[in-house]
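Report on the structure given below.
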Amino acid sequence: MVSLEKETLRIPSVSELMIPSEKVAHVQIGNPLEHALLVLVKSGYSAVPVLDPAYRFQGVVSKSRILEETMGIEQFEMDRLSEILVKEVMDDKVPCLQKNDTMIDALHKLIDYPFVCVTNEEGEFDGIITRRTILKQFSKHYHETFKYTMVETTV
């Protein structure tokens, strides 16, 4: 049997959980795919944010989109990487969050994405929030809440 005491759950804001823009690998909208693929491979990420010259968020580019773009009839045409720009293959239909959104808002958007970008009112890139961060918060709360509330009963 589980006995739960009433406890107030404080839900953190996105600003408390996000990784700031200075620590996030990104590419510029006018970069060739060759540069984007290099950033992706060196960083170890499967996707990164795409920014314009004013650091406004424009979308996300991923390894899979780049590989799809370079796939020819019989082989990958890697020589095309320097000819195609990031803006031609990026996904610009991705959700965003703002710093004052809650962890629950982030959770809903992270169901389908490994990370979601955080922007300000002008669309400037502030950072990202990851699915991993949200799962860690839920795990932490779960362990704190249930640590001393589990009561075993015998029949």
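No value in this document is a laboratory result; all are computed from the given coordinates. Just so it is clear, the structure is predicted and the values come from calculations on it, not from any experiment. Ideal geometry is used to build each Cβ from the backbone, glycine not excepted, and the neighbour counts take in all protein chains shown.
Between 0 and 90 degrees, the angle of helix 131-146 with respect to the longest Cα principal axis of the chain falls at about 10 degrees. Couplings for region 25-33, taken from phi via the Karplus curve 6.51 cos²θ - 1.76 cosθ + 1.60 with θ = phi - 60°, read 5, 8, 10, 8, 4, x, 5, x, 4 Hz in order; Gly and Pro are left as x. Residue-wise HN-Hα couplings along region 43-50, as the Karplus relation 6.51 cos²θ - 1.76 cosθ + 1.60 with θ = phi - 60° gives them from phi, are 7, x, 8, 8, 7, 9, x, 10 Hz; Gly and Pro carry x.
Amide H contacts of GLU77: MET71, GLY72, each under 5 Å away and 5 or more positions distant or on a separate chain (H built 1.01 Å from N in the peptide plane; Pro and chain starts excluded).
The 3J(HN,Hα) values that the Karplus relation (6.51, -1.76, 1.60; θ = phi - 60°) gives for region 35-41 are, in residue order, 5, 4, 5, 4, 4, 5, 5 Hz. Gly and Pro appear as x. Taking Cα centre as origin and charging only the Cβ of basic (Lys, Arg, +1) and acidic (Asp, Glu, -1) residues, the dipole magnitude of region 14-146 rounds to 560 debye.
Among ARG131, ARG56, ARG80, the residue with the largest mean-square fluctuation in a Gaussian network model of the chain, with springs joining Cα atoms closer than 10 Å, is ARG80.
Under a 5 Å amide H cut-off, with hydrogens placed 1.01 Å from N, GLN28 pairs with LEU51 among residues at least 5 apart or on other chains.
Would you please state the base-10 log of I(q)/I(0) at q = 0.13, 0.18, 0.21 1/Å for region 14-146, with intensities from the Debye formula using one equal scatterer on every alpha carbon? With one equal scatterer per Cα and no solvent, log10 I(q)/I(0) is -0.57, -0.95, -1.19.
Taking 7 Å steps out from each Cα toward its Cβ at GLU22 and GLN98 produces label points 2.4 nm apart. Counting only DSSP H runs of at least 4 residues, each contributing -39500 (n - 2.57), and dividing by the residue count of the chain, the helix-based mean residue ellipticity at 222 nm comes to -9000 deg cm²/dmol.
Pairs of Lys residues in the chain that lie 8 or more places apart, or on two chains, and have C-alpha atoms under 22 angstrom apart add up to 20. Arranged from fewest to most other beta-carbon atoms within 10 Å of their beta carbon, GLU121, GLU69 become GLU121, GLU69.
Think of the chain as having a plus end and a minus end, set by charges on the Cβ of Lys, Arg, Asp and Glu; of MET90, HIS141, ILE29, HIS141 sits farthest toward the positive end of this dipole. Under a Cβ-Cβ cut-off of 15 Å, what is the net charge of the residues other than PRO20 that fall near it, where Lys and Arg count +1 and Asp and Glu count -1? Here the count lands on -2.
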